[in-house]
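Here is the structure we will look at.
The values are calculated or read from the model by the stated rules, or taken from the named source; none is laboratory data. Source: prediction; values computed, not measured. A quick note on method: Cβ atoms are made from the backbone with ideal geometry, for glycine too, and the neighbour counts reach across all protein chains shown. Accessible surface is based on the protein model in full, side chains and every heavy atom, while ligands, DNA and RNA are left aside. Shrake-Rupley method; radii C 1.70, N 1.55, O 1.52, S 1.80 Å.
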Amino acid sequence: MENYSKARTVEQPCVCPFPGLAADTPEIHVKDGSKIRNLLRYALSRMEAKTRAADEEVRPQPEEGGVEAPQEAPGRPLCRHVVFTASGKGVSKAITCAEIVKRRVKGLHQLTKLLYGTVEEVWEPLEPAAGLDSLTVSRNLPVIWILLSREPLDSNQPGYQAPGRYDALWTQAANREEGGGFSGQRPGHRRKRGGGGGGRGKGSGRQSDPAPAAGLTGGSQTR
């Protein structure tokens with residue numbers, strides 16, 4: 001491929017694997033260069049009432065946040081579902097956005113689907129006069145679809161996650177940061193260094209002199 005240069009990349013659209021969603025369900029496409037704060041601002045404005053007023057004043061543009069969704073009309077009711085989707089390097093960022101939304105909006109059900117999308121790369125020859133033709137290379141990229149729903153979903157579907165409680169998780173993390181150590185250790189407890197009372201460890205106190213060697217006890221020594 002040293003005689004070719006990449007001209008363009010065309011990503012084939014992938015069909016949403018969640019049938020039966022409402023027409024106004026926001027579908028947020030997360031890209032590698034998307035800003036998480038813009039994605040969260042848009043998603044929470046459709047799921048939380050307290051962020052709707054702030055979102056109407058400052059709305060992220062598609063080129064900034066990578067949000068490819070229609071503009072919502074003022075006064076539209078809150079959505080029952082929100083969908084995050086990403087491919088390639090944006091998969092981890094989509095998972096991060098979904099986890100943050102689940103911690104902000106309690107009681108959300110999650111359904112995750114893993115698919116493969118097709119990306120076509122068009123390569124053009126560096127020297128057209130050399131008689132080389134254009135090349136089209138097709139690659140498969142992993143695509144993730146995450147559905148967050150206020151309404152209960154089918155728990156028998158693969159990829160379903162029920163609403164969870166994070167209070168205990170954050171409490172344990174806070175205790176560790178305050179010096180609590182492991183769960184079996186009292187906060188502020190320190191392990192003693194060095195030997196204990198009765199053992200013959202190094203630095204365990206003054207010890208009696210060892211018995212003289214057998215060859216030095218009694219009698220004279222032969223030189």
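Annotation note: of P125, P142, the sole residue that is open to solvent by 60 Å² or more (accessible area, probe 1.4 Å) and out of contact with any Pro (no Cβ under 7 Å at 6 or more places or on another chain) is P142. Looking across region 1-38, just one residue is assigned to a helix (DSSP H, G or I), out of contact with any Pro (no Cβ under 8 Å at 6 or more places or on another chain) and open to solvent by less than 70 Å² (accessible area, probe 1.4 Å), and that is I36. Residue count for region 153-189 satisfying the condition of being surrounded by fewer than 10 Cβ atoms within 10 Å (Cβ to Cβ) and modelled with pLDDT of 90 or more: 3. Taking the condition open to solvent by 50 Å² or more (accessible area, probe 1.4 Å) and either at pLDDT below 55 or under 30 Å from T85 (Cα atoms) (or both), does L148 pass? So L148 does not fit the description; no.
Return the residue satisfying two criteria in turn: it lies in region 101-122 and is loosely packed, with under 15 Cβ neighbours inside 10 Å and part of a helix (DSSP H, G or I), and of such residues it is nearest to the chain's Cα centre (by Cα). Ranking the qualifying residues of region 101-122, first place goes to R103.
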